[in-house]
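The values are calculated or read from the model by the stated rules, or taken from the named source; none is laboratory data. Just so it is clear, the model here is predicted, and its values are computed rather than measured. Neighbour counts run over all protein chains shown; Cβ positions are idealised from the backbone, glycine included. Please note that ligands, DNA and RNA were not included when accessible areas were found on the heavy atoms of the full protein model with its side chains. Shrake-Rupley method; radii C 1.70, N 1.55, O 1.52, S 1.80 Å.
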Amino acid sequence: MRMRTFTSLVAGLVATVAAIVSVPLFWVSTNVVDEDGYVAFSSSLATDRELQAAVAAYIADDYVQRGLLPASLQQTAASVLTSVAQGTVDQPGFVRAWEQTQRSLHTSAFGDGSGTLTVSLQPMMQFIAARVGSRLPISLDVTTDIQAPVGTSADRSRLRQVERSQTYALLGLMVVLASAALCLVSARRRTMAVAGLGLGALVTAGVLRVATEIVTPQLIDRAETLNPFARQVQKLLLDRASASLAAWLGWIALVGAVALLAGLLGRGAAALRSR
């Protein structure tokens, strides 16, 4: 009997550790490595007013640097572009243009390229420029693609390291399921095993929540060395990632709490029947 209890306890611990490793891997494989998943995840960034202003400022600066816009008009152009972007954010084409830029960023991150991590701003520029009208004294050339840096080569290397996250996540899930099954089968009291697995789910959610709160600010601090546009993009992505993972952890904690309560109630009911 003691061996069964020991086996069940160890299996429960293994399931908890495997879950702590697997949950973030699943999130990364779903929302970062998968292109469609990343585009859907990042589409909410298009409505952020600070990001819209950063995009407009970067575009205006690029036009000045290429000699297509007088320096005296840079602030005016940035203001007009920001106003247009914020005024057309509810139009379907705006979000679609932003999603096209995000596909270019995903390609830059996981394609065969090297060096700086970049994003193409041409889809956004074409959408905004078409709606500028007569608000600027000059027309804006949108035939040239604007490749804006949003990360360093080190960022690209770190992203490449997570490309196999789906494989590792699936292996982790197999370990979680096998260990949880062994925990239940080996337990002398199934109700306590259920409660133990529920507690493990709560521990998983708690540990990952704390880790997220520690890691996210550190990653945001790294972005301070980038240009304002890249810094804004990375900050928003990290904020959204933290919130998205927190939502996952909320569901895991809820399931864990229900399992813990059900196990304890089941154990209490069994004790009453045995009297």
Query raised in the report: Is segment 35-57 home to any residue that is crowded, with 20+ Cβ neighbours inside 10 Å, under 17 Å from Thr212 (Cβ atoms) and in contact (Cβ under 8 Å) with a residue 24 or more places away in the chain?
Result: no
Report summary line: Picked from segment 186-208 (must be out of contact with any Lys or Arg (no Cβ under 8 Å at 6 or more places or on another chain), open to solvent by 20 Å² or more (accessible area, probe 1.4 Å) and not hydrophobic (A, V, I, L, M, F, W, C)), the residue modelled with the highest pLDDT is Gly206
Query raised in the report: (1) open to solvent by less than 40 Å² (accessible area, probe 1.4 Å); (2) within 18 Å of the chain's Cα centre (by Cα); (3) of a type in the set (Asp, Glu): which one isn't true of Asp62, the others all being true?
Result: (2)
Report summary line: Scanning segment 219-266 for residues that are open to solvent by 40 Å² or more (accessible area, probe 1.4 Å) and hydroxyl-bearing (Ser, Thr, Tyr) gives Thr225
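Do we find that Ser8 is under 30 Å from Leu171 (Cα atoms), open to solvent by less than 40 Å² (accessible area, probe 1.4 Å), more than 33 Å from the chain's Cα centre (by Cα) and of a type in the set (Ser, Thr, Tyr) in this structure? Talk me through it step by step, then tell me what you get.
On the way: under 30 Å from Leu171 (Cα atoms): yes; open to solvent by less than 40 Å² (accessible area, probe 1.4 Å): yes; more than 33 Å from the chain's Cα centre (by Cα): yes; of a type in the set (Ser, Thr, Tyr): yes.
Against the criterion (under 30 Å from Leu171 (Cα atoms), open to solvent by less than 40 Å² (accessible area, probe 1.4 Å), more than 33 Å from the chain's Cα centre (by Cα) and of a type in the set (Ser, Thr, Tyr)), Ser8 qualifies.
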**Report entry** One residue from Ala15, Ala97 being open to solvent by less than 20 Å² (accessible area, probe 1.4 Å), over 28 Å from Arg156 (Cβ atoms) and over 15 Å from the mean Cα position of the chain (by Cα)
**Finding:** Ala15
Report summary line: Residue set Pro92, Pro137, Pro123; condition within 20 Å of Phe41 (Cα to Cα) and open to solvent by 60 Å² or more (accessible area, probe 1.4 Å); output residue Pro92
Report task. Would you mind finding the one in Val39, Val84, Val55, Val89 that is at pLDDT 90 or above and in contact with a helix residue (DSSP H, G or I) (Cβ under 8 Å, 6 or more places away or on another chain)? Result -> Val39
Report task. Among the candidates Gln74, Gln102, single out the residue that is assigned to a helix (DSSP H, G or I) and touching a residue at least 24 places away in the same chain (Cβ under 8 Å). Result -> Gln102
Query raised in the report: Which residues, taken from segment 161-170, are touching a residue at least 12 places away in the same chain (Cβ under 8 Å) and either on the phi > 0 side of the Ramachandran plot or open to solvent by 70 Å² or more (accessible area, probe 1.4 Å) (or both)?
Result: Glu163, Gln166, Tyr168
Report task. Inspect segment 215-236 for any residue being polar (S, T, N, Q), modelled with pLDDT of 90 or more and either closer than 25 Å to Ala46 by Cα or part of a helix (DSSP H, G or I) (or both) and give the result as yes or no. Result -> no
